[in-house]
Amino acid sequence: ANVSEDATSSPPPGTSKRTPHSIIIGVRKGGTRALLEMLDIHPEVAAAATEVHFFDWDENYAKGLEWYRDLMPYSYPHQITIEKTPGYFTSPLAPERICAMNSSIKLLLILRDPAERVISDYTQVYFNRLENHKPVQAIENLLVRSGSLNIRYKAIQRSLYDVHMRNWLKHFPLEQIHIVDGDALIHDPLPELQKVERFLNLAPRIVSSNFYFNQTKGFYCIRSDGRERCLHESKGRPHPSVNNTVLQQLRSYLREHNQNFFRMVKRTFNWQ
Ligand code: A3P
């Protein structure tokens, strides 16, 4: 629920740009855009419009905290600022850098079934390459090299949640990282958002009438301030079907990492 600002006038009196109180750190393709847009329904949330990439891209980090703050939306003192950059979760330096800015910041991490996430990641890259007239490959050719799983494939690396989480837990206590179940957010967004409201100490303002299921899109869309809107067409794209043997190889490789992750966060998820 951002402060309205037209290009010609100065910001409304009493507002300022502030570094975030909370950051959605990832995971890429976890549902980060849906989470941010849905949280933005809340009148006390001011969401950054774009992915900032401050803590994960050295050339941006070098520009300093003032540069970062300037990219935040104007907000009133009773509001909290939130930005989302999915690349933070898998960035080796982001945890330390975020901690240096504000060691008590509240972090939001939205995760979905890591095998499903690999396919979603592939689909995004596939469409980006098509748009840029670059050659594309079948997913199986990326997942498998000479008969075995190609564990160096970046999309697989990004789904090793335990590997990345270990890095965050070196800098933040588990209580400071709230995990949103991305699969649950797809099927029934409200309960997940209510948990986030509680985590962020926000009054319960997001209600069931803020969501409606859009049959054409096949996903929940947002109703807020008298407007109805769905996420961009690049969100919720159909996935390719993956050869079953390959899919099983992927799932079995991820299984141990998932178990490890569950122990780390003292919670389990319904991932196959
Ligand atoms: P797919 O496009 O693979 O289905 P991110 O914003 O982090 O890139 O995540 C994109 C994913 O958000 C989509 O992946 C989709 O499954 C998920 N998502 C969750 N809720 C959604 C919603 N209401 N509308 C569209 N996509 C949603």
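Here is the tail figure for the chain: Cα pairs spaced more than 32 Å apart come to 26 percent of all pairs.
Extending 7 Å from Cα along the Cβ direction at R227 and again at N243 yields two label points whose distance is 4.6 nm. Between the alpha-carbon centres of the stretch 10-82 and the stretch 197-272 there is a gap of 21 Å.
As a ratio to 2.2 N^0.38 Å, the alpha-carbon radius of gyration for the stretch 105-238 is 1.28.
Taking only the C-alpha atoms of the stretch 1-141, Rg followed by Dmax gives 17.0, 56 Å. With the highest mean first, a sort of the peptides 229-238, 73-82, 215-224 on other beta-carbon atoms found within 10 angstrom per residue produces 73-82, 215-224, 229-238. Look at the alpha carbon pairs under 8 Å that are at least 6 residues apart: their mean separation over the length of the chain gives a relative contact order of 21 percent. Please compare each pair in K235/K266; K63/K195; K17/K217; K29/K266 to a cut-off of 27 Å on the Cα-Cα distance and tell me which ones are over it. Long pairs (Cα-Cα over 27 Å): K235/K266; K63/K195; K17/K217.
About the centre of its Cα atoms, the stretch 174-260 shows a dipole size close to 220 debye [charges on the beta carbon of Lys, Arg (+1) and Asp, Glu (-1) only; nearest 20 debye].
Residue by residue, the stretch 209-225 carries 3J(HN,Hα) couplings of 6, 6, 10, 9, 7, 9, 4, 5, 6, x, 9, 6, 10, 10, 10, 7, 6 Hz when phi is fed to the Karplus relation 6.51 cos²θ - 1.76 cosθ + 1.60 (θ = phi - 60°); x denotes Gly or Pro. Sequence-distant contacts, meaning Cα pairs under 8 Å at least 6 residues apart, place the relative contact order of the stretch 1-93 at 47 percent. Here V144 sits with roughly 30 square angstrom of accessible surface, probe radius 1.4 Å. Solvent exposure of the stretch 50-111, expressed per residue, is 42 Å² of accessible area, with all protein chains present and a 1.4 angstrom probe.
For the stretch 134-219, the solvent-accessible area of protein heavy atoms averages 53 Å² per residue (probe radius 1.4 Å; ligands and nucleic acids excluded). The slack between A138 and H257, meaning 0.36 nm per residue of separation minus the straight C-alpha distance, is 40.3 nm. Measuring from each cysteine beta-carbon in the chain, the ones with no other cysteine beta-carbon under 4.7 angstrom are C99. Once backbone amide H atoms are built at 1.01 Å from N, I80 has V45, A46 as its partners under 5 Å, excluding neighbours fewer than 5 places away on the same chain.
For the chain, DSSP calls about 40 percent of its internal beta bridges antiparallel. In summary, the stretch 180-272 shows an alpha-carbon radius of gyration equal to 1.38 times the 2.2 N^0.38 Å reference for compact globular proteins.
Would you work out what percent of the accessible area of the stretch 166-272, with all protein chains in place, is carbon or sulfur (probe 1.4 Å)?
Numbers: 3060 of 6440 Å².
C and S fraction of accessible area: 48 percent.
Taking every alpha-carbon pair under 8 Å whose residues sit at least 6 apart, the stretch 53-168 reaches a relative contact order of 26 percent. When restricted to Cα atoms, the stretch 64-107 yields an Rg and a Dmax of 11.6, 33 Å, respectively.
The values are calculated or read from the model by the stated rules, or taken from the named source; none is laboratory data. If you're wondering where the values come from, they're calculated on a predicted model, not measured in any experiment. Cβ sites come from the backbone with ideal geometry, for glycine too, and all protein chains shown count toward neighbours. Just so you know, the surface numbers come from the protein's heavy atoms only, side chains and all, with ligands and any DNA or RNA stripped out. Shrake-Rupley method; radii C 1.70, N 1.55, O 1.52, S 1.80 Å.
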